1. Give me the helices (runs of 4 or more DSSP H) completely within segment 1-98, filtered to those with at least 3 residues that are over 26 Å from residue 209 (Cα atoms), over 23 Å from the mean Cα position of the chain (by Cα) and modelled with pLDDT under 85, ordered by residue number.
2. Which helices (runs of 4 or more DSSP H) sit wholly inside segment 168-255 and have at least 2 residues that are in contact (Cβ under 8 Å) with a residue 12 or more places away in the chain, within 14 Å of the chain's Cα centre (by Cα) and at negative phi?
3. Of all the residues that make up segment 115-137, how many are under 21 Å from residue 61 (Cβ atoms) and part of a helix (DSSP H, G or I)?
4. Which residue pairs have Cβ atoms under 6 Å apart, sit 6 or more places apart or on different chains, and have a first residue in segment 86-114 that is more than 18 Å from residue 147 (Cα to Cα) and a second that is surrounded by 15 or more Cβ atoms within 10 Å (Cβ to Cβ) and modelled with pLDDT of 85 or more?
């Protein structure tokens with residue numbers, strides 16, 4: 001009996017997270033199924049533009065970059081949702097007054113965002129496999145997706161908790177999105193950058209996510225000195241770091 005009670009207690013945050021995801025994701029999609037299309041426009045539009053401009057030459061980079069961009073976008077969008085729920089609907093006040101922890105709330109909304117982007121992510125991941133991925137690389141692909149999605153969700157939660165107005169959250173998150181997906185070598189080879197800037201590029205988790213996708217697709221554009229272990233280490237460090245920040249430094253209760 002005691003073991004059963006402990007197991008139920010340990011599973012409570014998981015059930016709470018899925019309930020939040022159902023409330024903010026499934027119920028919305030039932031009323032607005034076209035949201036699945038709208039959320040996929042950004043990564044696929046850039047993929048299309050790069051394909052046309054390069055005449056198909058950089059399609060591999062476009063696929064890798066679009067998947068990374070989608071993951072960053074869906075992760076950081078968590079921050080916009082939290083700001084909206086906090087400032088407009090005051091829903092966060094309800095969860096603050098309940099036994100729900102900040103991390104459970106974050107995970108529930110992150111799962112909701114993942115639900116919105118699931119069709120686009122499946123399509124982009126399928127393109128990665130189509131452009132050279134093998135069955136044995138599926139675990140690596142899934143791990144890469146989860147790492148970048150998890151770290152970006154935690155980053156979005158942390159940033160939004162310090163934003164008092166919805167407009168500020170939108171501006172900051174849009175700026176961070178550009179910094180993480182457009183400026184680093186996500187859509188283009190890192191060799192296009194001056195070597196003096198490589199350390200700065202390696203400091204970005206999205207650079208390693210793109211390189212790992214290039215590795216999965218068997219591209220010969222990986223720079224010397226970079227390794228799969230290095231890419232994993234940087235992404236895991238970002239995930240742990242921002243989850244720790246979200247847990248300890250995010251503003252959960254308004255003073």
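The values are calculated or read from the model by the stated rules, or taken from the named source; none is laboratory data. Bear in mind that the values here come from a model prediction, so they are computed numbers and not experimental data. Cβ coordinates were reconstructed from backbone atoms using ideal geometry, including for glycine residues, and neighbour counts include every protein chain displayed.
1. Details: elements: 2-21, 27-31, 35-38, 41-54, 59-84, 91-96.
Answer list for segment 1-98: 2-21, 91-96.
2. Details: elements: 198-202, 205-216, 228-248.
Helices (runs of 4 or more DSSP H) meeting the threshold: 205-216, 228-248.
3. Step one: of segment 115-137, the residues under 21 Å from residue 61 (Cβ atoms) are 117, 120-134, 137.
Now narrow it down to the ones that are part of a helix (DSSP H, G or I): 117, 120-130, 137.
Counting residues in segment 115-137 that are under 21 Å from residue 61 (Cβ atoms) and part of a helix (DSSP H, G or I) gives 13.
4. The qualifying pairs are 95/105; 100/16.
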